[in-house]
Every structure is written in structure tokens, then in C-alpha cells.
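First the structure, in the form of C-alpha cells, and then the observations on it.
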């Protein structure tokens with residue numbers, strides 16, 4: 001009998017995992033000994049957070065990120081094919097969204113392995129449902145281009161879609177948040193609505209939706225914060 005691939009959520013930051021991750025998810029994670037992870041150090045840190053006595057040294061980790069060769073990924077599933085359950089973990093939130101873990105999930109389905117999602121926090125969904133923007137029709141755009149001209153073009157494309165009634169969700173790396181915010185103000189229509197959801201589930205959580213014109217008079221400091229943008 002083949003093993004199961006569990007999609008394991010981790011916290012969005014901070015150490016209070018019990019506030020955002022259900023007990024059943026923690027129980028399943030504790031019994032796994034094979035993991036495919038985005039970053040081995042952060043995965044080990046999370047496992048020790050939920051269980052100080054977690055047997056790290058007898059646990060096998062496969063690292064799947066932008067540096068992983070595509071021809072390596074299939075071999076990561078060998079423990080599950082032999083019959084062992086495995087866990088897939090992102091650095092934050094749910095795996096498979098804006099995360100290379102989607103490649104492993106695709107392979108797992110092709111090999112007829114059972115894929116089981118576990119409950120936990122998703123900054124993308126939490127931002128959307130608290131934004132008051134359209135939760136019936138929305139698109140997730142991931143990370144936008146870094147080059148200013150390409151970023152502006154993408155923002156114009158996103159804004160066009162938002163005018164059709166689709167909430168547009170996107171992200172940026174924390175140290176570039178302020179540049180992204182400035183680009184939004186410079187590019188988007190002053191009447192468009194923008195939600196900035198920062199540090200979701202963390203002590204400094206801030207979620208606010210205003211028009212672009214209102215944001216121009218209320219410039220937040222977003223540097224080094226975990227931010228999800230929602231535009232409509």
C-alpha cells in the first residue's frame with residue numbers, strides 16, 4: 001500500500017502555533033518522518049517548535065525550491081511509493097500556493113498517490129475574506145515583476161481585470177513592499193480600492209481597505225512586514 005502525501009501548513013510567523021494550527025494537524029505532522037520542504041532549516045525549526053523532542057536526526061528531508069533540479073523531484077516521492085506517509089511544507093502558510101511544492105503535488109497525482117490537505121493559515125485567503133473585496137470572483141497573481149517598467153505594466157493589467165469585477169491578489173518580498181506600494185499609487189486609478197493586509201495572525205496584524213486616493217494621504221510603513229495586497 002502506498003503512503004499518503006500530507007500538505008502541512010506552518011505558521012505565518014511567530015511562535016504561537018496553537019493559535020492558528022489545529023491539534024489534528026499537529027498530531028499528524030509529529031508522526032511523519034519524511035518531509036519535502038522549501039527550506040530545511042526553517043522546517044526543522046517548525047518541527048522543534050511543535051515538539052521539542054522531535055527526532056530531527058532520524059528524519060529525512062528533501063529540499064524543493066527554485067534551486068532544485070526538475071529531474072530530482074520525482075525521486076522525492078520514493079518513500080511514499082514504498083508505503084511511508086510524507087509531509088510537504090512551505091516556509092509559511094499552505095504549500096502549493098506561490099510555492100514550488102505544486103510540482104510535487106502534480107507528480108503525486110500522476111503516480112496515484114493520495115494527497116491530503118491539512119487545515120491551517122493562508123495569508124492569501126485571510127487577506128481576501130477580511131478585505132471586503134470580491135470573494136466570489138478573484139485571481140491570485142503571485143509575485144509581480146521587479147523591474148519598474150514591467151511592474152507598472154503588470155499593475156495596469158491587474159487593474160483592468162479588477163474593473164471587470166475580479167479582486168486581484170498579489171504579494172511582494174518584505175524588503176520591496178514599499179516600492180510596490182509606491183508603484184500602486186503611481187499607476188492605479190485613484191478610485192480603485194486597495195486592501196493592505198500586513199502581518200496576518202501576528203501581534204502587529206493590520207488589515208485596511210481604502211481607495212488609492214485615501215492611501216495617498218495615509219502612507220504606511222510596510223518595509224520588512226509580511227504583506228498581501230488586494231486590489232479592486
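Values quoted throughout were computed directly from the atomic coordinates according to the rules given, and no laboratory measurement underlies them. As the structure is a computational prediction, the values presented were derived from the model and not from experiment. Neighbour counts are summed over all protein chains in view; Cβ atoms, including those assigned to glycine, are modelled from backbone coordinates with ideal geometry.
So the values come out like this:
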item	result
Whether segment 123-231 is rounded, prolate or oblate, judged on the alpha carbon gyration tensor where a/c under 1.5 counts as rounded	rounded
Whole-number percent relative contact order across segment 123-231, with pairs defined as alpha carbons under 8 Å at least 6 apart	34 percent
Rounded, prolate or oblate (a/c below 1.5 giving rounded, otherwise prolate when a/b exceeds b/c) for segment 4-117 by Cα gyration tensor	prolate
Rounded to 10°, Cα long-axis angle of helix 101-110 versus longest principal axis of the chain	50 degrees
Ascending count of other beta-carbon atoms within 10 Å, so fewest first, for 1, 89, 210	1, 210, 89
Sorted by Cβ neighbour density within 10 Å, fewest at the top, the residues 68, 116	116, 68
Segment 120-179, relative contact order in percent, only Cα pairs under 8 angstrom and at least six apart counted	41 percent
Whole-number percent relative contact order across the chain, with pairs defined as alpha carbons under 8 Å at least 6 apart	22 percent
Helix 177-187 axis, angle to the chain major axis (alpha carbon atoms, nearest 10°)	40 degrees
Folded to 0 to 90 degrees: helix 148-163 orientation relative to the chain principal axis, Cα	80 degrees
For a label point 7 Å along the Cα-to-beta-carbon line of residue 19, residues of segment 102-128 with backbone N under 14 Å	121
Global geometry of the chain, whether rounded, prolate or oblate, following the gyration tensor of its Cα atoms and the 1.5 cut on a/c	prolate
Length released on extending from residue 189 to residue 218, taking residue separation times 0.36 nm less the Cα-Cα span	8.8 nm
Label-point separation, residue 115 to residue 97 (7 Å along Cα→Cβ), nm	1.5 nm
Fewest-first sequence of 20, 10 by Cβ atoms within 10 Å of each Cβ	20, 10
